[in-house]
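J.: Provided herewith is a single structure, encoded as structure tokens, for subsequent inquiry.
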Amino acid sequence: MPAPAAPSSASPEPAELLGATQADPDRGDAFYTRFYADGGWRYGFLREWWWLRRNVVKRFGLVRGMNALEVACGAGFHTHVLNRMGFRCIGVDRNRAAIDWARRKHPRWTYHCADLADLLPDHAGTFDIVLARGCSHYHYDLSSAQALDTTRTLLRYLKPGGVFIMTIATDLSGRRPAGQIWNNTLDDYRRHFGSFGLRHDETWVRGMALCAIYAPV
Ligand SMILES: C[S@@+](CC[C@H](N)C(=O)[O-])C[C@H]1O[C@@H](n2cnc3c(N)ncnc32)[C@H](O)[C@@H]1O
């Protein structure tokens, strides 16, 4: 199956996935197994490099040499770009086809096949940066136990002073069509990331919500 070109730094859910819901993630995994067999989205290196530099590295004050965990990394492209930018980044995705592709295509970097719900025990408290880019959990009900548990789990990977960054495509319209991904508003993201009692920051840049939570020093 030909993979759709990524039109921007956003990684919109493929049309076939729009019937997958938060309550039915396995349907998504079956789709992704086919999707990633051919590498998934086609990203351009320079475009993603600049997007990450402007919207993630500069905005959130990241510094070369920091270590990073990219969760839901898909076929591993942004883990690759972050390593090329000078970060020490490992990628994790639950989809085996995605991780197989990432390891073949970017053999210099480390990729793990694991579900977000299963904390990688050796990695708790070890990262300056945790990045979730286009992670499906943030496309649905942000007040659900699953979304709150996901963020809580990911915060456990941070070192003191570390930052968790979530980026996701949304038009901020608040549309919540039954059985499809939601376009959460910035207030929805503020409520979610504000509920952990830590310093947080939410903004929106041309189709993407950019949110961060800072672990106390
Ligand atoms: C929209 S894709 C984004 C992939 C990549 N970050 C990108 O921007 O190209 C969502 C990814 O989340 C992964 N994912 C969904 N639920 C997950 C979970 N519970 N644990 C780990 N990965 C998950 C999927 O396998 C898929 O690769």
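J.: Is there any pair linking a residue in region 163-181 that is on the phi > 0 side of the Ramachandran plot to one that is of a type in the set (S, T, N, Q) and surrounded by 15 or more Cβ atoms within 10 Å (Cβ to Cβ), with Cβ under 6 Å and at least six apart or on different chains, and which?
T.: The qualifying pairs are Leu172/Thr185; Gly174/Thr185; Gly179/Thr21.
J.: Answer yes if at least one residue in region 125-137 is surrounded by fewer than 15 Cβ atoms within 10 Å (Cβ to Cβ) and charged (D, E, K, R), and no otherwise.
T.: So the first thing to find is which residues in region 125-137 are surrounded by fewer than 15 Cβ atoms within 10 Å (Cβ to Cβ), and the list is 125-126.
In the following step, the residues that additionally are charged (D, E, K, R) were identified as none.
Checked region 125-137: no residue is surrounded by fewer than 15 Cβ atoms within 10 Å (Cβ to Cβ) and charged (D, E, K, R).
J.: I'd like the full set of residues that are of a type in the set (A, V, I, L, M, F, W, C) and part of a loop (DSSP other than H, G, I, E, B), limited to region 125-153.
T.: Cys135, Leu142
J.: Same structure, new question: Restrict the check to region 145-162 and report whether at least one residue is over 20 Å from Asp201 (Cβ atoms), free of Cβ contacts under 8 Å to residues at least 24 places away in the same chain and not hydrophobic (A, V, I, L, M, F, W, C).
T.: No: zero hits.
J.: Something else about it: Just the residues that are free of Cβ contacts under 8 Å to residues at least 24 places away in the same chain and on the phi < 0 side of the Ramachandran plot, please, taken from region 58-88.
T.: Lys58, Val63, Arg64, Arg88
J.: Mind listing whichever residues of region 160-179 are small (Gly, Ala, Ser) and surrounded by 15 or more Cβ atoms within 10 Å (Cβ to Cβ)?
T.: Looking only at region 160-179, we keep the residues that are small (Gly, Ala, Ser), and these are 161-162, 169, 173-174, 178-179.
Listed by number, the residues that qualify are Gly162, Ala169.
J.: So the check is Cβ under 8 Å with 6+ separation or different chains; which pairs have a first residue in region 34-56 that's farther than 17 Å from Ala169 by Cβ and a second one that's aromatic (Phe, Trp, Tyr) and modelled with pLDDT of 95 or more?
T.: Tyr36/Trp101; Ala37/Trp101; Gly39/Trp101
J.: So which residues in region 182-200 are touching a residue at least 40 places away in the same chain (Cβ under 8 Å) and not in a loop (DSSP other than H, G, I, E, B)?
T.: Scanning region 182-200 gives Asp188, Tyr189, Arg191, His192, Phe193.
The values are calculated or read from the model by the stated rules, or taken from the named source; none is laboratory data. Remember, predicted model here, so these are calculated numbers, not experimental data. Cβ sites come from the backbone with ideal geometry, for glycine too, and all protein chains shown count toward neighbours.
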